[in-house]
Amino acid sequence: MTVLKTSMRNFFAHKGRMALSAIAVLLSVAFVCGTLVFTDTMNTTFDKLFQATSSDVTVSAKGASDTGETTSDNGRPPVVPASLLGKVRGAQGVRSAEGTVFSTSVTVVDGKKDNLSPSSGAPTIVGSWNGNDARTMKITSGTAPKGPDQVMVDADTADKHHLKLGDEIGVISAVGTHRARISGIAAFQVTNPGAAIFYLDTRTAQRTLVGSTGVYTNINVTAASGVSDPQLKKNVLSALGTGYKVQTAKETADANQKDVEGFMNVMKYAMLGFAGIAFLVGIFLIINTFSMLVAQRTREIGLMRAVGSSRKQVNRSVLAEALLLGVFGSVLGVGAGVGLAVGLMKLMGQMGMHLSTSDLTVAWTTPVVGLLLGVVVTVLAAYLPARRAGKVSPMAALRDAGAPA
């Protein structure tokens, strides 16, 4: 108890010198916790998006990518014949099935030929308006496209580029350039991470993106009541054979999530790199702070030794101060980390990748990791000065040289 009281007294007696080290611990922990909260939030956002936009089972061409992005060399998406739709509808456990067409190998421009694609690296998607999209999008103005001269745009893209009903846009694909006027604007019911989405009616999408009206890129299948997605997949495979790619909603969501992991890992490790640099700077500051404190308190430590304090007690006293510093700085750092994550989300919003604070994800492991890192690094950094303090002899209390100028 005496060691703890001494440590508490010394800690608060040198608040000024401790402040700089506390800030170093705070910043280090904030970088770590902010990175973890930010990446967890991005994962939550993308998970919600992929789960909401995936149908129970999706049928596509054998050569199609798991994420559905255009993979062919000619820029046209892999397709399946429209006649396949009837076979899918006849499979056991199918409540409904709908053929759709979409492509990511497109460029969309406005009437002035300015590119409407996102600047954040998110995809530009042009597809047919269908029932699956109607579940996740809400038409806020105008109507859905009903002819070759109509197109609908997502609300985020419309706001960013100041698009309104009646504006002309051009869809440039491998087939050619198709021009249409905006007939409607639709808003996401889940967070849109920044993709620009344009909708055509099914027949126009087939002609514009593929060049043929007798094909689909995907067939979205909805399960009947009581039928699980894996069972529905088996039933559809039994009806179609093995010549097509059939995925459940979970498989599609997992494939999409894996596809964005590369981008998120780059951001995560870059930010953790800054955290590592902050920790290195913090270590030097903590070593310097406690070395100076031990030098200033040489006579005081000598007196403690003279009245019976052992080397271990003196050592523990200094380490206890480091522990207090680590806990104080780490607790503040965890809170600052959450604030940093929110700030990064706002910054990404300015760049076009919209992340809602309602999806803010703070896993229980995040504050634990932050506290452990902050406390352990602080105590380890103070270990050498603590050892030097423990080696001060009782005779130091009698020497003027041990006192600060």
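The values are calculated or read from the model by the stated rules, or taken from the named source; none is laboratory data. Worth saying up front: this structure is predicted, and the values here are computed from it rather than measured. Every residue, glycine among them, receives a Cβ derived from its backbone with ideal geometry; neighbour counts consider all protein chains shown. The area values use the complete protein model at the heavy-atom level, side chains included, leaving out ligands, DNA and RNA. Shrake-Rupley method; radii C 1.70, N 1.55, O 1.52, S 1.80 Å.
Counting only heavy atoms of the protein chains and using a 1.4 Å probe, residue 203 has close to 130 Å² of accessible surface.
Report the rotationally averaged projected area of the chain based on its alpha-carbon convex hull, in square nanometres. Intermediate results must be reported in sequence, preceding the final value.
Values: hull surface 106.0 nm².
Over every viewing direction, the Cα hull of the chain projects on average to 26.5 nm².
The Kirkwood hydrodynamic radius of the stretch 184-293, based on inverse pair distances between different Cα atoms, is 19.8 Å. Across 230, 367, 78, mean-square fluctuation computed from a Gaussian network of the chain (C-alpha pairs under 10 Å connected) peaks at 230. Close amide H partners of residue 149, meaning residues 5 or more places away or on another chain with modelled amide H under 5 Å apart, do not exist here.
Counting helices only, and only those DSSP H runs with n ≥ 4, report the 222 nm mean residue ellipticity of the chain as the sum of -39,500 (n - 2.57) divided by its residues, in deg cm²/dmol to the nearest 500. Walk me through the numbers before you get to the answer.
Values: 12 runs with 208 residues, N = 405.
Per the formula, -17500 deg cm²/dmol.
Within the assembled protein chains, the solvent-accessible surface assigned to residue 89 is about 130 Å², based on a 1.4 Å probe. Considering only 29, 79, 54, the residue lying farthest towards the positive end of the dipole of the stretch 20-114 is 79, judged by Cα position with unit charges set on Cβ.
Rounded to whole numbers, the Karplus 3J(HN,Hα) couplings from phi for the stretch 323-337 are 5, 4, 4, x, 5, 4, x, 6, 4, 5, x, 4, x, 5, x Hz, using 6.51 cos²θ - 1.76 cosθ + 1.60 with θ = phi - 60°, and x at Gly and Pro. Figure legend: label point modelled 7 angstrom from the Cα of residue 238 along Cα→Cβ; residues of the stretch 87-126 with amide N under 20 Å from it are 87-97.
For the pairs 160/346; 48/146; 48/250; 112/164, note any where the Cα-Cα span goes beyond 18 Å.
Details: 160/346 15 Å; 48/146 29 Å; 48/250 11 Å; 112/164 14 Å.
Checking Cα-Cα distances, 48/146 exceed 18 Å.
Taking other residues whose beta carbon is less than 13 angstrom from the beta carbon of residue 239, and scoring Lys, Arg as +1 and Asp, Glu as -1, yields +4. When only alpha carbons are used to place a centre, the stretch 23-52 and the stretch 180-208 end up 30 Å from one another. Less than 5 angstrom separates the built amide H of residue 154 from those of 186, 197, all sequence-distant by 5 or more or on a different chain.
What net charge do the residues around residue 223 carry, taking every other residue with its C-beta under 12 Å from that of residue 223, with Lys and Arg at +1 and Asp and Glu at -1?
Numbers: positive: 95, 233, 234; negative: 56, 229.
Once positives and negatives cancel, what remains is +1.
The heavy atoms of residue 312 offer some 150 square angstrom of accessible surface to a 1.4 angstrom probe. Summing +1 for each Lys or Arg and -1 for each Asp or Glu among the other residues whose beta-carbon sits under 12 angstrom from that of residue 110 gives +3. Annotation: amide H-H contacts under 5 Å for residue 194 (H modelled 1.01 Å from N, sequence separation of 5 or more, or interchain): 354. How big is D for the stretch 132-256, in µm² s⁻¹ as a whole number, if Stokes-Einstein is applied with the Kirkwood radius of its Cα pairs at 4 °C and 1.567 mPa s? Calculated translational D: 78 µm²/s.
Between the alpha-carbon centres of the stretch 135-155 and the stretch 218-286 there is a gap of 28 Å.
Nothing charged except the Cβ atoms of Lys and Arg (+1) and of Asp and Glu (-1): what's the magnitude of the dipole of the chain about its Cα centre? Round to the nearest 20 debye. Mind showing how you got there, number by number?
Details: 38 positive and 26 negative charges, 367 e Å.
Once rounded to the nearest 20, the dipole reads 1760 debye.
Calculation over all alpha carbon pairs of the stretch 27-117 in 5 angstrom steps from 0 returns a P(r) of 2, 10, 13, 13, 15, 14, 11, 9, 6, 4, 2, 1, 0 percent. Each residue of the stretch 247-262 was assigned a 3J(HN,Hα) from its phi angle through the Karplus curve 6.51 cos²θ - 1.76 cosθ + 1.60 (θ = phi - 60°); the sequence is 10, 7, 4, 5, 5, 5, 5, 5, 5, 5, 5, 5, 5, 8, 4, x Hz, with glycine and proline shown as x. Figure note: 162, 354 ranked by solvent-accessible area, largest first, 1.4 Å probe, ligands and nucleic acids not counted: 162, 354.
Computed 3J(HN,Hα) for the stretch 204-212, one whole-Hz value per residue from the Karplus formula 6.51 cos²θ - 1.76 cosθ + 1.60 where θ = phi - 60°, is 5, 4, 4, 5, 6, 9, 10, x, 8, glycine and proline marked x.
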